[in-house]
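Any read-out appearing in this document is the output of simple, stated calculations on the displayed coordinates, not a laboratory observation. Computed from a predicted structure; not experimentally measured. Virtual Cβ from ideal backbone geometry, glycine too; neighbours counted across all protein chains shown.
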Amino acid sequence: MPQISLVSKNFQYPDQVELQAALSRGAWEQWKRVLAEKIPPAAIIEEVKAAKLRGQGGAGFPTGVKWGFVPKDSPKPKYLCVNADEGEPGTFKDRAILENDPHLMLEGVAITCYAVGIHTAFVYMRGEFYQPQRVMEKAIREATEAGLLGKNIQGSGFDLDVIVHMGAGAYICGEETALLNSLEGWKGWPRLKPPFPAVVGAFGCPTVINNVETMAGVPHIMRLGAAEFQKLGTEKDGGTKLFAISGHVAKPGVYEMTMGSSLKELIYDVAGGLPGGRRLKAVIPGGSSAPVLKADEIDVPLEFEAMAAAGTMLGSGAVIVLDETVSIPEVFMVTARFYAHESCGQCTQCREGCTWIYKISKKILAGHGQPSDLDLMLDLADNMNGKTVCPLGAAMALPTIGFLKKFPHEFLALMKS
Ligand SMILES: Cc1cc2nc3c(=O)[nH]c(=O)nc-3n(C[C@H](O)[C@H](O)[C@H](O)COP(=O)(O)O)c2cc1C
């Protein structure tokens, strides 16, 4: 069974949020070892590269490679921003880490900062995360009092401050450059790239931005070694991934799987299949911006490239299961409503396109659509896809193309003639 407990190993213990309990289960051991053995920072970056850890925030960029882009000789301070915004509809796996094992993520943060030469880390959390904020701030306080964070950590001369920064609940602020603007106190509008944050990031300084789950994988790489960690997954996607599965399954929740496990197994063997003997209609496999898969397309490995080859994305690992009772035009309208609401408005194609698609989808549901509306929405999607400052436009365009091309009959059935 490809289900596994690595990052989620200690989620079952309610006291794992307390430092002493976490220490008794091995928390912070790798961080202490890194400092005691004075492991060279470059060796850690190489280890993370060899482990084939990929970013778990959605894009799947190789983590060690990203760290390697940070200039080593910059006279400016460097920063780490942990992306704890978790705004993609269907996604709730970072919250599981933040609330159940904050010390695992913090240990990953400490090792990352040491490897890249960073002395200040921000945990940028979505505004609604009151409970994760409470848990994380307590964990930072306890770790600082225990000399695992703060000044001259374990007598090593290495300093690290970790600061929780709360957002105001905007989906766009999960996009890394909008996150930076928001952190700096500006409107959460994405920035043009290049320059990339690794070179010009927070406050104009080199900045690493990584997802919560990416950070949580780092201590396990140091514990298992790159080769063991990589082998849990596939040649290009090392280790494991947390999947948040919701919708029409018997056991919705967060499950950890080895990279490359089958989506079908996750739905039927791990999450208990569809309740009430109902048939599967479709699966949105990587959060609401991932193109939909039809029921006969789900025998695909949970791996970044395999999912791309199947015409969709692994994304944030949010699997939304839709049974035969679901109206695809309704799911589409709800999706469009979300993006129309969350488009930041900076790019015309996205601001107008998301709103227009939402209005047309509502009109079709009300029975006032016409067949040419499908082409109009595909045209709007084409105008947004890859033509905006950030990928929010694509996040609306790709599901539009997916729903309209795979289920046109459901839209046409709502039209009078
Ligand atoms: C509109 C939008 C929203 C995003 N929201 C999140 C988010 O909530 N959490 C996250 O980790 N990444 C999010 N991302 C991806 C980030 O821009 C970035 O790729 C990620 O934080 C990098 O970390 P990783 O390499 O560890 O995945 C979002 C991207 C876009 C375009």
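Treating each Cα of the range 14-232 as an identical point scatterer and summing with the Debye formula, the log10 of I(q)/I(0) at q = 0.08, 0.11 Å⁻¹ comes to -0.25, -0.48.
Among 244-250, 161-167, the peptide with the highest mean count of other Cβ atoms within 10 Å heads the list, and the full ranking is 244-250, 161-167.
Of the residues Ala318, Gly367, Thr240, the one whose Cα sits farthest toward the positive end of the charge dipole of the chain, with +1 on the Cβ of Lys and Arg and -1 on the Cβ of Asp and Glu, is Gly367. Residues whose amide H lies under 5 Å from that of Ser262, counting only those 5 or more places away or on a different chain, are Leu302; hydrogens are built 1.01 Å from N in the peptide plane. Taking amide H as placed 1.01 Å from N in the peptide plane, Thr120 has its amide H under 5 Å from the amide H of Leu80, Asp161, each at least 5 places away in sequence or on another chain.
Couplings 3J(HN,Hα) for the range 12-22, derived from phi with the Karplus relation 6.51 cos²θ - 1.76 cosθ + 1.60 (θ = phi - 60°), are 6, 9, x, 8, 5, 6, 8, 4, 4, 5, 5 Hz, where x marks Gly and Pro.
The spacing between the range 328-380 and the range 145-161, judged by their C-alpha centroids, is 51 Å. A cut-off under 13 angstrom between Cβ atoms defines the neighbours of Gly26, and their net charge, with Lys, Arg +1 and Asp, Glu -1, is +2. Remark: the range 277-417 carries a charge dipole of roughly 460 debye about the Cα centre, counting +1 on each Lys and Arg Cβ and -1 on each Asp and Glu Cβ.
Summarised in one figure, the compactness ratio Rg/Rh of the range 328-412, Cα atoms and Kirkwood Rh, is 0.94. The range 28-72 and the range 384-410 have Cα centres spaced 34 Å apart.
Once the mean of 1/r is taken over each pair of separate Cα atoms and inverted, the chain shows a Kirkwood hydrodynamic radius of 22.0 Å. Pairs spanning more than 25 Å between alpha-carbon atoms, out of Lys49/Lys294; Lys359/Lys405; Lys49/Lys78: Lys49/Lys294. Would you mind checking the pairs Lys66/Lys251; Lys193/Lys281; Lys66/Lys187; Lys9/Lys187 and listing those with alpha carbons more than 29 angstrom apart? From Lys66/Lys251; Lys193/Lys281; Lys66/Lys187; Lys9/Lys187, over 29 Å: Lys66/Lys251; Lys193/Lys281; Lys9/Lys187. Couplings 3J(HN,Hα) for the range 321-332, derived from phi with the Karplus relation 6.51 cos²θ - 1.76 cosθ + 1.60 (θ = phi - 60°), are 9, 10, 8, 5, 7, 7, 8, 4, x, 6, 4, 5 Hz, where x marks Gly and Pro. Its Cα centre serving as origin, the chain has a Cβ charge dipole (Lys and Arg +1, Asp and Glu -1) of approximately 400 debye.
Beta-bridge orientation, the range 240-323: approximately 75 percent antiparallel, per DSSP, counting only bridges with both partners inside. Put a plus charge on the Cβ of each Lys and Arg, a minus charge on the Cβ of each Asp and Glu, and nothing anywhere else: the dipole of the range 255-318 about its Cα centre is then about 380 debye.
Relative protection proxy for 133-141, 10-18, from highest mean packing down: 133-141, 10-18 (other beta-carbon atoms within 10 angstrom). Taking a Cβ cut-off of under 11 Å around Lys359, the surrounding Lys, Arg, Asp and Glu residues balance to a net charge of +1, with basic ones at +1 and acidic ones at -1. For the range 297-311, putting each phi into the Karplus relation 6.51 cos²θ - 1.76 cosθ + 1.60 with θ = phi - 60° gives couplings of 10, 8, 7, 9, x, 7, 7, 4, 6, 5, 5, 5, 5, 7, x Hz, in residue order, rounded to whole numbers and with x for Gly and Pro.
When DSSP beta bridges are restricted to pairs lying wholly in the chain, around 45% turn out antiparallel.
Protection proxy ranking, highest mean first, for peptides 333-341, 314-322: 314-322, 333-341, where packing is the per-residue count of other beta-carbon atoms within 10 Å, averaged.
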